[in-house]
Amino acid sequence: MRTIALCTVVGFMAWAALPAKTQGQEDQTRPEGQPARRNVLVNGDFESGLSGWNSLWTRQRAAGSASLDRTISHDGGASVRIEHRGGDDWSLEPDRPVNVKAGEVYQYSGWMRIEGRGRAEISVTLRDAAGEVISWSHGSRSSSATDGWRALRSRFVVPAGARTMTPRVVGYGPAVIHVDSLVLVRGQELKAFRVHPERAYFFQVTPQQSATSRIF
């Protein structure tokens, strides 16, 4: 078991060194003969406005707004600008979930620019076959105020029982947040490392590219 866990860690750390891809961009670092990883998040770069995204949800009524900003962007010509005035939480999510299976591995990444006292994160909400929430903020990576653009990136395993996944941008407190270049790609399944889904390891990558893990 110790050998299996070590191999799993090594495999994920090697994958962690690969750069994130934007939608439609081919993965030049993949092994020969394997298909390119595709961004399953539609319009994550907001070049098509807010098409494919729900309206901003805020716990406090009328406490915030989300709009397209063509004056500030990390890549391309636009980003989404979220202004939140309340002290509670808010979220922005696409209008369609992604079907998933236990043991699948995903990377979720994006760029944020945060001003104010609040903070923001990228994470996914997992639901079971009946539509009940398993986890509201699986694979969370968060940031407080930034000096310019900051990259957030999370890699995680889909646990047993999950059937759909909704990638989200979530925040807390008053802030102005710009979000751009959101990418969600699927990697190798956990079974490639010979580890059972019910013993799945969870991996996140820090800005220093170190890997940490926990068991679901």
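Brief remarks follow.
- Working from label points 7 Å from Cα in the Cα-to-Cβ sense, the Asp69 to Asp147 distance is 1.9 nm.
- Residues of segment 88-122 with amide N under 14 Å of the 7 Å Cα→Cβ point at Ala129: 100-102
- Across segment 131-147, computed HN-Hα scalar couplings (Karplus, 6.51 cos²θ - 1.76 cosθ + 1.60, θ = phi - 60°) run x, 7, 6, 8, 8, 7, 9, 6, x, 6, 9, 10, 8, 9, 3, 10, 9 Hz from first to last residue, x flagging Gly and Pro.
- In this structure, Gln60 and Arg186 have a Cβ-Cβ separation that, at R0 = 45 Å, corresponds to a calculated FRET efficiency of about 0.80.
Values quoted throughout were computed directly from the atomic coordinates according to the rules given, and no laboratory measurement underlies them. These figures come from a predicted structure and were not determined experimentally. All Cβ positions, glycine included, derive from the backbone under ideal geometry; neighbour counts span all protein chains shown.
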